[in-house]
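Novice: Quick one: this structure, given as structure tokens, is what I'll be asking you about.
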Amino acid sequence: MASQFSFKERSVAALFVQFLEERAEQHPQQSMELMVAADAVNTAFGIGQADVAQLTTGGVALMDMLDIPDAPRAPAAVPTASADAAAAATDAPATLEEQVPELAILQKSPKFRKYLEVVTSKGIFKGAAEGSAEHVARLQKVVSKFVAAYPAELEAAHQDPAALTAAADEFKNAGNALLKQKDFPSAIGSYTQAIQTDPTGPNAHIYYCNRAAARQYQRDFAGAADDSRSAIGINPKYVKSYTRLAQACISLRQWDEAISACQSALEIDSANAAAVGFLKQAENGKATQTAAATTAPPGGAGAGGGFDLNSLLGSMGGAGGGAGGAGGGMPDLSAMMNNPMMKNMINNPMMQNMMSQVMSNPQMMSQMMNAAGSMMGGAAGASAGASAGASAGAGAGAGGMPDLSAMMNDPNIRQMAEQMRGAMGAGATATATATASTDDAGEEAEAEEVN
């Protein structure tokens, strides 16, 4: 006999029978009643054993289809505005900052952020889901340990950022004044205090850049370069950081980085005079060093292609018949090398570059030798006069200096100087620019006021 019920209705009935049979297995005490009920439903809906598989094809249990709680629901309360607000506040999960009050304040501290990054990388929160009670408890421990170790950081973080910047700028202004007074160590100290007071503030790059200027004056070229790089890392658009870096790298003879710094500066300000001058100087320095490295200069070259003044003077002395010998020759090299003025000249990078060019240019070297020979000849004549009883002559005696006036009027020397000036023209221009930039470093720092 055909069933009067639809397929859907019979499917629901079959699922109900399935539910009753499962409960009969779970509750043996009521199994008889449950099985009787199941048989009654099968009979009423005309469900045979062969129909069960077809009617329950979906595979979904009846309990899963019904949205019925395990416990009775409480009667619905009449909603009110205050009740709704309270419910929203109760249901909304508390943020980490709300659960760990110091966290929001300490996030301003670069030292705390680094500390949190380190302990996180070491697995302090491993296995604790973010926002969970365990995660919050561990975070509170981290914060407590940091505050115990660095109490000043919490106090500093409480301060207003604008107040920190203002305090740091006072240190910077004091450093500028000290720099103009050429009290470089004290200026460096003031800039360091500015950096420590507001290391991530809006003017932090200026503090580093000004300290680089002071260190350049101190001839701490490596420190000046490091400070310039720090300034660039904070504010890549601040052009003076690049020219400071170029100046320091030129002093260190790190030509490639100097050239790169100048190019970066010119990308920001294509007409920047300091960048243009330093770029020429760095390119000339690199070209000179490359030429010196590939050309063996007369008398031997120092490490890396630099010139050796002792070798140069020795070769010139040989042209005159022997350095320091009786009856004329070159002056006492030991005394010359200990002369402060001579030391400064030898250590001057541009002088070293210039002499490297002279030694790598056979024509200029030959002229220098000829000039030295003519001077030595005059010196020998003076020595002969001294042996005859004269106490002084036009030239120098044994081991003495040549007559500087005669040197300046010697046509060979004058011609050689003109050629050197032409060869070094571009370098001299760059040197003048670099010198002006270095000499004006205090004024530049003073001009870098907060807007």
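Novice: Is it true that L154 is out of contact with any Leu (no Cβ under 7 Å at 6 or more places or on another chain) and without any contact (Cβ under 8 Å) to a residue 60 or more places away in the chain?
Specialist: Details: out of contact with any Leu (no Cβ under 7 Å at 6 or more places or on another chain): no; without any contact (Cβ under 8 Å) to a residue 60 or more places away in the chain: yes.
No; evaluated as a whole, the condition is false for this residue.
Novice: Please work out which residue is modelled with the lowest pLDDT, limiting yourself to the stretch 272-289 and to residues that are open to solvent by less than 60 Å² (accessible area, probe 1.4 Å) and of a type in the set (S, T, N, Q).
Specialist: Among them, the one singled out is T288.
Novice: Is at least one residue of the stretch 133-141 open to solvent by 60 Å² or more (accessible area, probe 1.4 Å), among the β-branched types (V, I, T) and out of contact with any Phe, Trp or Tyr (no Cβ under 9 Å at 6 or more places or on another chain)?
Specialist: no
Novice: Against the conditions (1) out of contact with any Leu (no Cβ under 8 Å at 6 or more places or on another chain); (2) buried (at least 19 other Cβ atoms within 10 Å of the Cβ), where does K182 fall short? Just the number, please.
Specialist: (2)
Novice: Inside the stretch 190-207, can you point out the residues that are open to solvent by 30 Å² or more (accessible area, probe 1.4 Å) and in contact (Cβ under 8 Å) with a residue 12 or more places away in the chain?
Specialist: Those that are open to solvent by 30 Å² or more (accessible area, probe 1.4 Å) and in contact (Cβ under 8 Å) with a residue 12 or more places away in the chain: T192, Q193, T197, P199, T200, P202.
The values are calculated or read from the model by the stated rules, or taken from the named source; none is laboratory data. Keep in mind that what you see is a predicted model, and the values were worked out from it rather than measured. Please note: Cβ atoms are built from the backbone with ideal geometry, for glycine as well, and neighbour counts cover all protein chains shown. These accessible areas exclude ligands, DNA and RNA; they are computed on the full protein's heavy atoms, side chains included. Shrake-Rupley method; radii C 1.70, N 1.55, O 1.52, S 1.80 Å.
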